[in-house]
Structures are given as structure tokens and as C-alpha cells.
Amino acid sequence: MTPDMGFHGATWQSLTDQMERNNNIMGVTFAKSCTDNLKIKVSYRFLAQWLRDHYGYHGNDPSVFYQYRHYFGKLVSWIGFAAGEESRVANPGPKTSAEPDEYVLFQDGDTGPAYIPKWRKLCVEHRYPLLELGHDRAACQRIIAGYGYPVPYPSNCMFCPFQNEVEIVYLYRTHPDRWQQWVEREAAKLAKFAQSKVNHGVKGKLALPQYLRKALEKYGHWSIEQLREYRFSHGHCVVSKY
């Protein structure tokens, strides 16, 4: 889904747009907000509109999900976590008296307690078909290739702060323009908060050029083929639950 379709929030048209507008970045020491604003919220806005268009429901987004549940039960949402990523399955807990009525609490592997809309817990059932089938990433790649389709790269944002040293070298070597853009965004953030007591970059205290130097010392001798093979060997670089 692209921003022109109308499902993105006004302040999150894209990751680069958000970073440039605010002179900010995503970082390993910051709360994660990109997945929620650019994937989860966008997907549910799309689904709500799809329900209006195909079922004739009316009202705000939560309302149409409740209407669907009334007639058909929970809407089933399939999520493509592969075998080996079981720890990413969210486990919403019971609501406590201290929580706002519209939210429920769950434990996120990266950030600890987090809240999701109550309507989502009541109206949406998440299914993980690849986990149910026992297909890990390698099995999925074999199946895709077996049908004659090109095997896509694992989904990874080029500006994801959780990329490791090998992935950083791969980005630097294969997409130097995007690497330079990322470095510039980090520099703008560091300059904006230069007077702050704590002013972390993408990788915390190490700025991206410093992190790259360390990564090149270890993996700079790898060929593009070796770097690409590594990129195909695993999935998302974070362990956020959903």
C-alpha cells in the first residue's frame, strides 16, 4: 500500500518523509514506532475500508470490525512468520483495571509492556500458516523456486537500526546512495539534539560511519555473493511481536 492510497497517517506518509520532517531517525535505543505506523495501522485502515466496500458496513474503523464479528465471527488475519520465529507471536494478556478501556496489554519482546486496541483483540484472530505448516525460511524459498518464481529478498527496511554488521556492509556495498541518505539523516538528528545530555544515533553511541568501519574490519573482504547469500538466510532483523 502506497501513501497515495490514503491509508497512511498524515505524519507517517513514509519513513524518509517522517525522518526529514522531524530531523529524526529510528534507533536501537529508541521506542519502535515505524512498524506500527507504516505497517500495522495502515493494514487495518485498508481492511476497514475493504469491509465497507464489500460488505456495505458503515462507521469508523473499529465499528466495521465489530459489525463483521457480529455476523461472521472474528476476521482471520494471516501473518507470514516462518518456523523459527515462534517467539514473535504476540500473546495479549487479560485487561487490568489500570488499563484504559479501549486497550489491552501484551508483552513485546523488545520493549516490554505495550498496548493494542481492544477491538483488535475482540474482532481479529491472527493465524500463522507457515508456523502451522512447519515451513522455515529455507523451505519457503525452495517452494517458491520450485514453482519457477524468483525468490524475493527477506523483508528488511534499508534503514532498520537492528541490522547487524554483515547487513550494514551489504547495504553500504550494494546501495551506497541509500547508505549516504541514512548517514545524512543521522547527522541531522545528532545536530538537532547536540545540546542534550544523551544524544544517540542509529546504533546508540556509535554513529553509522563508526559502526561501518568496525563492520568492514570484519566483513569487508566478503564478496557481494557472500553478503547476498547471508541476506537470504534469515528474515526480519528485529523480534517485535505481533
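The values are calculated or read from the model by the stated rules, or taken from the named source; none is laboratory data. Here the structure is a predicted model, which means the values were calculated and not measured. Glycine gets a Cβ as well: all are built from the backbone with ideal geometry, and neighbour counts include every protein chain shown. For accessibility, only protein heavy atoms count, side chains too; no ligands or nucleic acids. Shrake-Rupley method; radii C 1.70, N 1.55, O 1.52, S 1.80 Å.
Before moving on, here are some points about what is shown:
- Residue within the range 77-87 that is in contact with a Leu (Cβ under 7 Å, 6 or more places away or on another chain) and surrounded by fewer than 17 Cβ atoms within 10 Å (Cβ to Cβ) present: yes
- Out of Y211, Y128, sole residue that is in contact with a Lys or Arg (Cβ under 6 Å, 6 or more places away or on another chain) and buried (at least 16 other Cβ atoms within 10 Å of the Cβ): Y211
- Lone qualifier among K41, K74, K32 - being basic (K, R) and touching a strand residue (DSSP E or B) at 6+ places or on another chain (Cβ under 6 Å): K74
- Listing of helices (runs of 4 or more DSSP H) fully contained in the range 123-242 that carry 1 or more residues being aromatic (F, W, Y), more than 30 Å from L47 (Cβ to Cβ) and touching a Leu at 6+ places or on another chain (Cβ under 7 Å): 165-174, 176-192
- Of all the residues in the range 46-73, those that are open to solvent by 50 Å² or more (accessible area, probe 1.4 Å) and touching a residue at least 40 places away in the same chain (Cβ under 8 Å) number 4.
- Screening W119 on (1) modelled with pLDDT under 80; (2) surrounded by 14 or more Cβ atoms within 10 Å (Cβ to Cβ) shows it passes everything except condition (1).
- The range 1-45 - residue that is assigned to a helix (DSSP H, G or I) and more than 17 Å from the chain's Cα centre (by Cα) and, of those, surrounded by the most Cβ atoms within 10 Å (Cβ to Cβ): E20
- Residue among H54, H70, H58 that alone is at pLDDT 90 or above and either among the basic types (K, R) or outside any helix (DSSP H, G or I) (or both): H58
- Some residue of the range 13-36 being closer than 30 Å to A207 by Cα, in contact with a Gly (Cβ under 6 Å, 6 or more places away or on another chain), among the hydroxyl-bearing types (S, T, Y) and at pLDDT 90 or above: yes
- Index of the failed condition, D108 passing every other in (1) at pLDDT 85 or above; (2) of a type in the set (D, E, K, R); (3) open to solvent by less than 60 Å² (accessible area, probe 1.4 Å): (1)
- A Cβ distance below 7 Å, combined with a sequence gap of six or more or placement on separate chains, defines the contacts here; from the range 177-198, residues that are closer than 23 Å to M158 by Cα reach residues that are part of a helix (DSSP H, G or I) and of a type in the set (S, T, Y) in the pairs W179/Y172.
- Residue count for the range 20-68, restricted to those that are among the polar types (S, T, N, Q), more than 17 Å from R185 (Cα to Cα) and touching a His at 6+ places or on another chain (Cβ under 9 Å): 2.
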